[in-house]
Amino acid sequence: MVTQTITFDTVSVSEIESGTVTAFLFSGTTLAATLAGITENATLKGRYTGTVADIAAGTYRLVIKFDGITISEPE
């Protein structure tokens with residue numbers, strides 16, 4: 001199994017005081033993977049790193065949610 005690291009930028013939880021950031025990879029409208037172990041960079045606020053295990057090569061859409069509300073959904 002291959003684990004890939006994905007880095008993305010979004011709102012910093014520390015700016016809002018609390019909450020949970022989750023992120024998902026979609027292929028079209030199909031959920032392909034959920035990022036695991038998402039952590040915020042200690043020095044670059046709003047930059048997060050998560051991992052995803054062994055998905056097929058392709059083009060995916062990263063969907064970021066904060067406390068279940070979609071806050072970033074690139075085209």
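The values are calculated or read from the model by the stated rules, or taken from the named source; none is laboratory data. The structure presented is a predicted model; accordingly, all values stated were derived computationally and were not measured. Quick reminder, even Gly has a Cβ in these numbers, built from the backbone with ideal geometry, and neighbours come from all protein chains shown.
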Output the number of residues of the stretch 25-74 satisfying the condition of being closer than 15 Å to residue 3 by Cα, assigned to a strand (DSSP E or B) and either among the β-branched types (Val, Ile, Thr) or at pLDDT 90 or above (or both).
11
Just to check your reading of the model, which residue among 49, 5, 20, 59 is touching an Asp or Glu at 6+ places or on another chain (Cβ under 9 Å), in contact (Cβ under 8 Å) with a residue 12 or more places away in the chain and surrounded by fewer than 11 Cβ atoms within 10 Å (Cβ to Cβ)?
20
Search result, residues across the stretch 3-24 that are in contact with a Phe, Trp or Tyr (Cβ under 8 Å, 6 or more places away or on another chain) and assigned to a loop (DSSP other than H, G, I, E, B):
10, 11, 19, 20
Taking into account only those residues within the stretch 23-46 that are closer than 14 Å to residue 12 by Cβ and without any contact (Cβ under 8 Å) to a residue 12 or more places away in the chain, which is surrounded by the most Cβ atoms within 10 Å (Cβ to Cβ)?
41
